[in-house]
1. Hey, for a label at residue 136 modelled as a point 7 Å past Cα toward Cβ, could you say which residues of region 305-330 have their backbone N under 19 Å away?
2. Using Cβ counts within 10 Å as a stand-in for footprinting exposure, how do 378, 44 rank, fewest first?
3. Kindly rank 190-199, 542-551 from highest to lowest mean number of other beta carbons found within 10 Å of each residue.
4. Neighbouring Cβ atoms within 10 Å as the yardstick, rank 97, 287 fewest first.
5. Listed highest first by mean packing, meaning other Cβ atoms within 10 Å per residue, what order do 407-414, 464-471, 126-133 come in?
6. Listed highest first by mean packing, meaning other Cβ atoms within 10 Å per residue, what order do 248-256, 500-508 come in?
7. For residue 416 and residue 205 in the same chain, what is the full-extension length gain: residue separation times 0.36 nm, less their Cα-Cα distance, in nm?
8. Roughly how big is region 212-321's charge dipole about its Cα centre, with Cβ charges of +1 (Lys, Arg) and -1 (Asp, Glu), in debye to the nearest 20?
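FYI, it's all coordinate maths here, none of it is from the lab. Everything numeric here is computed off the predicted structure, so don't read it as measured data. Don't worry about glycine lacking a Cβ; one is built from the backbone with ideal geometry, like all the others, and counts go over all protein chains shown.
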Amino acid sequence: MNQSWMQETVVFLVAAVIAVPLFKRLGLGAVIGYLTAGILIGPWTSGLIRDVEKILHVAELGVVLLLFVIGLELQPSRLWALRRPVFGLGGAQLLVTGLALGGAAMAFGLSAPVALVVGLSLSLSSTALALQMLAEKKQLTSQHGRASFAVLLFQDLAAIPLLAVLPLLGGSAGQGWHWLGALKAVVIVVLVIVIGRWLLRPYLRIAASAKSHEVFVAAALLVVVGTALFMQLAGLSMALGAFLAGVLLADSEYRHELEADIDPFKGLLLGLFFMAVGMSVDLSLVTKQPLVIVTLTIGLVVIKALILYALARFNEHSHGSAVNFALFVSQGGEFAFVLFGVAAGAGLLDKSTSDTLVVVVSLSMVVTPLLATLNEKWLGIGQGSAEERAFDTVDVDEHRVIIAGFGRFGQMIARTLRMKKIPFTALEASFEQVDFVRKFGNKIYFGDASRLDMLRAARADLAEVFVLAIDDVEASVRTAAMVRKHYPHLKIYARARNRVHAYQLMDVGVDKLIRETFLSSLELARDVLIALGYPAAEARKAVQVFREHDEKLLAEQHKIHEDEAKLMAASKQGAEELERLFGEDVSAAR
């Protein structure tokens, strides 16, 4: 193996291991750590790594694997449901941003065709950067996360016709891409979908039959890399091919195993990609014309952010959601590197302009995570966005029950009450859950049950029973304490996530609590005993003995749950007592 390549690998690993934990500890995130490490070890600073292009080609596999994993999360039915935001919001973003940035390029003296190419290229954002930031901050399923994904997906699709048109604009229709190539692209996509639909599952079934984890990992990587390579040979985006492969396997029985196998490779190669982006920032060009580079970078980010914010507000996003949407997607993207290269090769752009624009895009990719972190840590716009939407006005004439938390647990209770025609009021603190549940005709109010003003508005004084079904442990305990203090007449029936949560609710003084998996696991244990040949009566009795013993032990351990030594001793004693009880049952049976 080449010694230089080994040395560069060691430099990359050392830089990643030092920079990423440091920046995460500072609260700035892994993406900023990778980008900074790339700048520091790149050819324009320390020069520890000089061949950025070679690394970037390898690192593109990280983007490919990221898109495959995202595809696995999207079943075809869900993807079809996204068609309006993808083509509506995504198309509007590309058109409006492309025209705005193209107009700005004309103001700098570029001709109309060249300015349009520059504008459309700069309107594309970084799929890898934006999606990784959203995933890191656990915001992929938020309103701005879903909108970001729709726009980025449309941009990846739009890059195909852009690549087709560039040689024509440069007068080289006989070279590279032409309109026949665009038609070929459509045929290739259809072929991947049709063939993949019929062959991928049987192929993975054969790989799984080997009962070897290594073989299945190799098969999974072959699916991703093979599809991506096939698309690239056809002149299309590798990332798009991997995404299609993921979508085709999204509803297969291998989905979760594929995701777990691919994830380590994805994370490492994505880190390498971000470091390569940092290395590609030509700092010598920045020092030669700093005012031009900084002005262009700020102009790109600001223009894109303003347009994205306006489009989000037009699509009924809250102010906070629109701000986050604008911040996450306001950078230039990796496709711009390819498009500028093709444009320069076709004679549309001179080399100096192309190099300048590449640096501007790279810097915008460095700036975006910093802006998102600045907002998250100091400005706080759109953070905890549920509070931005005003709570519903509760219209209650009479009710006997209040249900706080309308997830799976709360909904089951509500359905039972509705069946018996018992009036109730349901409160839910997540407006996303409220909007989702309302689609199915459920009457539910958006509100935080831990707030006294909300309890008053919900007329807790009229109710008899308070059902506490909130998923978050801290919010659940806080709500129980508020209800017990201000409405002592209410009987509190609570759901506990686990034993520790149960102790906290018992401290507050709830009337009755159920650990959420306790009864279902006992019922399944009974069925397992029957399946193993035990008589049904004996299985029921064993489960009943265990239930009574565990509930008694829970009450005893509650008194000492803050003393870890006593709690451990009580647990050991409880286990011995349970063993003795079952031993007595066996002796009696004989």
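1. 324-330
2. Ranking 378, 44 by Cβ neighbours within 10 Å, fewest first, gives 378, 44.
3. Packing proxy ranking, top to bottom: 542-551, 190-199.
4. 287, 97
5. Taking the mean over residues of other Cβ atoms within 10 Å, the ranking is 126-133, 464-471, 407-414.
6. Per-residue mean Cβ counts within 10 Å order the peptides as 500-508, 248-256.
7. The residue 416-residue 205 span can extend by a further 71.7 nm.
8. 680
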